[in-house]
Amino acid sequence: MDPSSPIQLVKGFKDILPGESELWQYIERTAISLFEDFGFREIRIPIMEKTELFARGIGEVTDIVEKEMYTFSDRGGDMLTLRPEATASICRSYIQHKMAAQDPVRKFYTIGPMFRRERPQKGRYRQFYQIDAEVLGIAGPHADSELILLAHTLFQRLAVTDTVCRLNSLGCPVCRPKFKAALSALLDSAASSLCPDCLRRKDKNPLRVLDCKAAGCRAAMEDAPMIIDFLCDECRCHFEAVTDTLSQLNVPFEIDKHLVRGLDYYTRTAFEIQTHALGAQSAVAGGGRYDGLVEVLGGPPTPAIGFAVGFDRLAEIVGATTVIPARPVDLFIAALGDTARRLAFEWSMTLKLAGITTEMIVDDKSLKAQMKQANRLGANQVLIMGEAELADGTVVLRDMATKAQRDIPVEAVLTTVTDLFSGIRNKTCV
Ligand code: ATP
Ligand code: MG
């Protein structure tokens with residue numbers, strides 16, 4: 001390859017450029033403020049963990065661990081993986097810092113990049129972002145409804161109003177074995193219609209077959225037993241309490257008896273939030289209870305539930321109807337001559353420090369070129385100062401919208417500009 005040719009980014013990765021990042025920040029601010037209203041605290045976990053954490057925490061017989069992880073041995077020979085999701089790391093951290101000993105109930109949120117080596121396509125990237133919330137230490141159904149209300153409200157606040165929450169219960173280690181036995185019997189009799197992946201999975205992780213998109217597997221699973229028909233009394237009561245409180249809170253949901261998670265530590269409530277906003281129906285969030293995970297990772301038995309929102313898909317949906325403008329430039333200083341430029345530079349720094357976005361060109365440019373730049377930046381006001389104006393002790397302040405100009409005494413410039421923008425800020429509450 002030509003050593004001077006420009007280097008492109010890695011396939012399936014992307015840049016989020018100014019123009020788009022304002023939207024991402026808006027979504028982040030909305031999510032964070034909502035999480036904090038609900039008593040969630042931010043946790044920041046590493047981008048990389050020991051491979052074993054995900055192998056144990058997500059499960060060997062899953063798409064993620066079998067074929068999607070970015071795993072490599074580092075120079076010391078340790079096997080490391082770029083995190084494909086946040087839940088396992090959060091549980092690792094909860095255990096490692098012995099959080100249960102002080103207060104087992106913890107509510108966390110985290111926002112950041114995840115990595116999965118999938119086939120890149122619209123809405124599917126190899127580095128993508130998730131907005132993640134997890135509640136550890138609460139077993140009761142109210143935690144489930146509260147978390148689903150939280151996810152639902154996030155979409156509402158971002159004006160994504162067509163979401164549907166699909167809901168199911170996956171039972172628990174008491175009732176699931178009976179369901180698995182019934183399912184395995186069906187899978188054995190339908191083996192000839194299953195795809196090669198499901199043939200392999202059917203003994204190790206039969207629930208995964210219910211999730212398979214292959215036509216043969218779907219047809220074979222049409223009459224499959226439903227886990228919801230196998231729930232023990234405790235799981236049934238839990239599920240009824242969740243649906244009951246969701247109705248009480250006016251959170252729309254649909255029971256989807258086919259919704260499964262393939263992993264043993266997933267228990268009881270599983271949900272997915274779907275929208276049509278991206279064309280075909282697709283999931284913008286997935287979540288559920290995982291009462292067995294902390295223990296699988298070597299911690300004390302700890303009930304837990306969480307969800308992850310696909311940030312990229314959410315940004316695409318919100319961005320289709322909402323434009324978040326970049327912060328406008330408040331003031332442009334057009335200065336002519338060395339003395340004026342020197343003073344303009346000092347003023348622009350003072351004003352920036354006071355929270356007023358101020359721009360100028362420090363090189364020697366014509367007034368025409370400077371006004372052009374002020375227009376390009378969309379400056380609200382322009383301060384025009386040449387050597388002659390300075391000699392007179394006044395500069396010109398031009399309102400770019402009304403084109404009105406006024407003379408300002410040099411010594412009053414900073415207070416005039418500061419007062420002007422604090423007035424505008426107070427009016428528009430920016
Ligand atoms: P899918 O069925 O779309 O592969 P998933 O079950 O793998 O989703 P989860 O692990 O539950 O997804 O992650 C939660 C959310 O993260 C998904 O609902 C989706 O919006 C988003 N997501 C998952 N994988 C990707 C990806 N490769 N690119 C962009 N967003 C993703
Ligand atoms: Mg996936």
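Some observations on this one:
- The single condition from (1) closer than 19 Å to residue 132 by Cβ; (2) under 23 Å from the mean Cα position of the chain (by Cα) that residue 15 fails is (1).
- Scanning region 212-235 for residues that are in contact (Cβ under 8 Å) with a residue 24 or more places away in the chain, within 34 Å of the chain's Cα centre (by Cα) and part of a helix (DSSP H, G or I) returns 217, 227, 228, 234, 235.
- Residue match in region 81-94 (condition: more than 21 Å from residue 283 (Cβ to Cβ), open to solvent by 30 Å² or more (accessible area, probe 1.4 Å) and either away from ligand 2 (no atom under 15 Å from the Cβ) or out of contact with any helix residue (DSSP H, G or I) (no Cβ under 9 Å at 6 or more places or on another chain) (or both)): yes
- Test for residue 304: is it touching a strand residue (DSSP E or B) at 6+ places or on another chain (Cβ under 9 Å) and aliphatic (A, V, I, L, M): yes
- Only listed residue being under 29 Å from residue 156 (Cα atoms), among the aliphatic types (A, V, I, L, M) and either in contact with a Pro (Cβ under 7 Å, 6 or more places away or on another chain) or exposed (fewer than 13 other Cβ atoms within 10 Å of the Cβ) (or both), chosen from 215, 241: 241
- The set of residues in region 275-308 that are within 16 Å of ligand 2 (Cβ to nearest atom) and within 20 Å of the chain's Cα centre (by Cα) comprises 278, 281, 282, 283, 284, 285, 286, 287, 288, 307, 308.
- Conditions (1) polar (S, T, N, Q); (2) open to solvent by less than 10 Å² (accessible area, probe 1.4 Å); (3) away from ligand 1 (no atom under 16 Å from the Cβ); number of the one not met by residue 275: (3)
- Restricted to region 260-379, the set of strands (runs of 3 or more DSSP E) holding at least 1 residues that are more than 26 Å from residue 124 (Cβ to Cβ) and not charged (D, E, K, R) comprises 267-275, 304-310, 331-335, 358-360.
- Which numbered condition residue 89 misses (of (1) out of contact with any Pro (no Cβ under 8 Å at 6 or more places or on another chain); (2) of a type outside the set (D, E, K, R); (3) within 16 Å of ligand 1 (Cβ to nearest atom)): (1)
- Scanning region 379-407 for residues that are open to solvent by 30 Å² or more (accessible area, probe 1.4 Å) and closer than 20 Å to residue 339 by Cα yields 387, 388, 389, 390, 391, 392, 394, 407.
- Criterion (in a strand (DSSP E or B), out of contact with any helix residue (DSSP H, G or I) (no Cβ under 6 Å at 6 or more places or on another chain) and open to solvent by less than 60 Å² (accessible area, probe 1.4 Å)) met by exactly one of 167, 150, 186: 167
- For region 118-145, taking the residues that are crowded, with 20+ Cβ neighbours inside 10 Å and farther than 26 Å from residue 84 by Cβ, the one that is farthest from the chain's Cα centre (by Cα) is identified as 141.
- Verdict on residue 50 being of a type outside the set (A, V, I, L, M), at pLDDT 95 or above and within 29 Å of residue 207 (Cβ to Cβ): yes
- Neighbours by Cβ (under 7 Å, 6+ apart or cross-chain): first from region 55-77, free of Cβ contacts under 8 Å to residues at least 24 places away in the same chain; second among the acidic types (Asp, Glu) and away from ligand 2 (no atom under 12 Å from the Cβ): none
- The residues on offer are 313, 376, 341, and the sole one that is basic (Lys, Arg) and open to solvent by 80 Å² or more (accessible area, probe 1.4 Å) is 376.
The values are calculated or read from the model by the stated rules, or taken from the named source; none is laboratory data. Everything numeric here is computed off the predicted structure, so don't read it as measured data. Neighbour counts are summed over all protein chains in view; Cβ atoms, including those assigned to glycine, are modelled from backbone coordinates with ideal geometry. Surface areas here come from the heavy atoms of the whole protein model, side chains and all, with no ligands, DNA or RNA. Shrake-Rupley method; radii C 1.70, N 1.55, O 1.52, S 1.80 Å.
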